[in-house]
Structures are given as C-alpha cells and as structure tokens.
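A quick write-up on the structure given underneath.
A short reminder: the numbers here are calculations on the coordinates, not readings from a lab. Just so we're clear, the structure is a prediction, and the values are computed from it rather than from any experiment. Neighbour counts are summed over all protein chains in view; Cβ atoms, including those assigned to glycine, are modelled from backbone coordinates with ideal geometry.
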Amino acid sequence: MSVTFADIEAAAARIAGHVVRTPCAFSQRLSAITRAKLWIKAENQQYTSAFKERGALNKLLQLSEDERRRGVFAASAGNHAQGLAYHAQRLGIPATIVMPQGTPFVKIQKTEGFGATVVMEGKGYDESSAHAIKLCEAAGGVYVHPFNDEAVLAGQGTIAIEMLEQAPELDTLIVPIGGGGLIAGMAIAAKTIKPWIKIIGVEAAMFPSFTARRRNLPLPAGGSTIAEGIAVREVGDITFALANPYVDDVLVIDEADFERAIAAYANIEKTVAEGAGAAGLAAVMRYPERFEGQNVGLVLCGRNIDLRLLASVLQRELVREKRLVTYRILGDDRPGMLSLMADVIASKGGNIVDVAHNRLVLDVPAKGAEFDIMVETQGPRHAFEISEALRSTGYALRMD
C-alpha cells in the first residue's frame, strides 16, 4: 500500500483538461472577520459541483477495456456518485450507484441525470456500501470506493498541487474528513511540496471517525448531520494509514458551526456551500485564535445542498444574529390589541413578518391571548429597542 507524490502528479496529468482547474482566491472580507488570511479553493465550481470528480476520473482512466465493459459500482451520499456517474457516462462505462435512504433529492436527481442506475438502500453509508459490493460481485463489475482507494485519493491530492501553485504563501491547509481520501491525498502532496505546511483536518461532532482511530477510542458516531458528505462512521484503513503521519491536528465541530459557515459563504462570498464544503471555514470561525495571522487554505469542496435546507440555514442564521426575532406577548383578547402592538413595532422601524395567536394555552387567562409576532430587525440593538417599546405598553413580553 503506497501512494507517492509521483502518483499524484501522474493523476494531475491524467485528469488535466477533463476537470476544472478551479480558482484559489483570497477572501478579503472573511479574512477581516476571522483575522486569518483565508484562501478559498472553489471546488464547488466543478461540473458536478464537488471535488469528487478528480478521484473518480483518475480511477476510471486506469481501468482496462474489459473492466470498462463490466461497469462500475459505488456507494455514495451524492458527490462521489455524481462525479463517478458523470465521467463514466463520458467514457461510455455503465455505472450503478447505491445511495442511503434520506440522501438529498438534488443529489439523487443529478446522479440519475448523468446516466447512472441509482439504487436506494441502507440507512447510512455503511449499509449502502455493503449492498453495492454485493451487487458488484454478482455482476462481476469494478467497485469504486469513494475514499479507500489509492487511485481515488491520488486524484483528490491534485487539489493540493493546484492550491500551492495558485497561492504559494499558504502555510496551513484545512481539509474536511469523512472517509479520509481528500486529506490523505492532499497531505501527501502538500507535505512533499512544502514539508513545513500544517495539515488540519475537520470532522463533524456526530462522526469523529479519524479522531476515534487516532486516539484508539470507541467514540460514538451517528446522527442526522447537515454535513452528510463527511458522515462516515469509520475512516478508511488505506486513507488513515497514509494520512495519519502527515495530519498535524483534527478539529471536531458542531452542527451550528456548519450552519454559520454555510451562511457566511452565501452572505459574504455570494457562493453556495454544502455542509461538508463549509467545514474548513466553520473550523476557522469556531477556533479563530488557532489561525490568527496565518495564510490558510480552505477547500470549499462542494455545493450540492438541498435548496429548502439552504433556505432554512439562512433563516436560522438571521435568528442567531437577532435580525429575525419573535416577540411573545401575553395580552387582552380584545379588538385593537394586535393593532397596538403593530403600531409600536412600526414606530421603531421593525418589519412584521408573521403573526400567530393562541387562545387555548392553559396558563393564559380565559379572557387573554398569547401573541407571537415575528419581526425583521436591524440587529441585536434594534431588537432590544423594539422589546423595550413593547414592554412600555405594560404587557408581559418574552423574546425568542
């Protein structure tokens, strides 16, 4: 088992012209917010909107004619599926992808759109992978693992080569970890080119597979995470063995961290990131003191997020920033009550988004009513000014 820098250079030459050489741009605004010098490798600009094309294509281009005829099989929550399906279609290779139940519809739809046969099976990646292997063995096909494959991880490593060519001043790379293919390939390449560079991994708190293996601890893994692209219960044996010597540290972050980073990419960079794609930025925002003053490279590795989920994340961020506030008022159930509250809010420049009232709450008097008024504000100070104005009416108030 060995992947060398020469293998990654060969992969770069092999896939050149077939995948996008994505930009690695300095973000002035995010750098100012985090106090680090942030460079963003926009792998969300690949044709399938994720970096997985690189490894999948590198694997496909090394198959024999007989293997191509027999077809390829894989299990994936979406990005590996799309990358493999897209390039298999280009090369005339039949592809069958097993996806876990609950995979975002946008990823299923795109995978099918690239000509692959999609099979929905399993509650998570591990169950889907077991089913895909059975199908592959029955058909005599070639199983293309999304991360625990030397050709695949060599393809992912080409990202580091490009980043250090585009931004040679980088002294830290922050890389999302699911199964470990991305960080293994990038670490080998980056440490060969620049041995003193720091490689920092990022994992979701619900799936700390690399951390568990490194500490030799049975850390619990599982749950519904917005970063489903890195929701892997066990890091790959090959990827861990190759990456572990090069990875300087691994940071574990929570769901709220992913949400904040997705919102920051949308609001500040005007670009879309899925949960896993936002992991690097999430780590910097969670631990700014770790990266202050450093030249940090982030891999925005994908943007395949369901639009409904994205809308929810952006709204939730407005709530966190107190730009969307719900005022709960216990008042009289009489004509003009709601009008009074609306007048007070309007006088302070608030914009009412939604109103709900409940007369059946048992801790509210029979002649009273509970009003929930959702208001768009300019921020925490403005929200406080509105709350004080509402309290001045003499009615009980609670803010959410």
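Among ALA282, ALA227, ALA36, the largest mean-square fluctuation in a Gaussian network model of the chain, built with springs joining Cα atoms closer than 10 Å, belongs to ALA36. Axis of helix 5-15 versus longest Cα principal axis of the chain: the two differ by about 80°, to the nearest ten degrees.
By the count of other C-beta atoms within 10 Å, a proxy for reagent exposure, TRP39, TRP196 are ordered fewest to most as TRP196, TRP39. Taking only the alpha carbons of the chain, we obtain Rg and Dmax values of 24.6, 81 Å in that order.
With 19 Å as the limit, the listed pairs LYS41/LYS270; LYS52/LYS107; LYS110/LYS134 have LYS110/LYS134 beyond it between alpha carbons.
If the chain linking LYS134 and ILE33 were pulled fully straight, counting 0.36 nm for each residue of separation and taking away their Cα-Cα distance, it would gain 31.5 nm. Label zone of GLU385 (point 7 Å out along Cα→Cβ, amide N under 15 Å): in the range 309-324 this covers 323. Taking a Cβ cut-off of under 13 Å around LYS348, the surrounding Lys, Arg, Asp and Glu residues balance to a net charge of -2, with basic ones at +1 and acidic ones at -1. Once the Cα atoms are used to define both axes, helix 125-139 deviates from the longest principal axis of the chain by about 40 degrees.
Extension gain, GLN89-GLU376: 0.36 nm per intervening residue step, less the Cα-Cα distance, totals 98.6 nm. Each other residue within a Cβ distance under 11 Å of GLU228 adds +1 if Lys or Arg and -1 if Asp or Glu, for a net charge of -1.
At a 10 Å Cβ-Cβ cut-off, how would you order PHE210, PHE384, PHE114, fewest neighbours first? Show your work: numbers first, answer last.
Values: PHE210 28, PHE384 14, PHE114 21.
Taking fewest neighbouring Cβ atoms as first place, the list is PHE384, PHE114, PHE210.
Under a Gaussian network description of the chain, with springs only between Cα atoms under 10 Å, the residue in ALA130, ALA11, ALA187 that fluctuates furthest is ALA130. Relative to the longest principal axis of the Cα atoms of the chain, the long axis of helix 181-193 makes an angle of roughly 70 degrees.
What net charge is computed for the residues neighbouring LEU164, neighbours being all others with C-beta under 11 Å from the C-beta of LEU164, Lys and Arg scored +1, Asp and Glu -1? Around LEU164, the charge tally is -1. Among LEU153, LEU300, LEU330, which one moves the most in a GNM of the chain with springs linking Cα atoms closer than 10 Å? So, out of LEU153, LEU300, LEU330, the one fluctuating most is LEU330.
Placing R0 at 51 angstrom, the Cβ-Cβ distance between THR271 and SER392 gives a FRET efficiency of 0.75 after rounding to 0.05. Close amide H partners of MET120, meaning residues 5 or more places away or on another chain with modelled amide H under 5 Å apart, are MET99.
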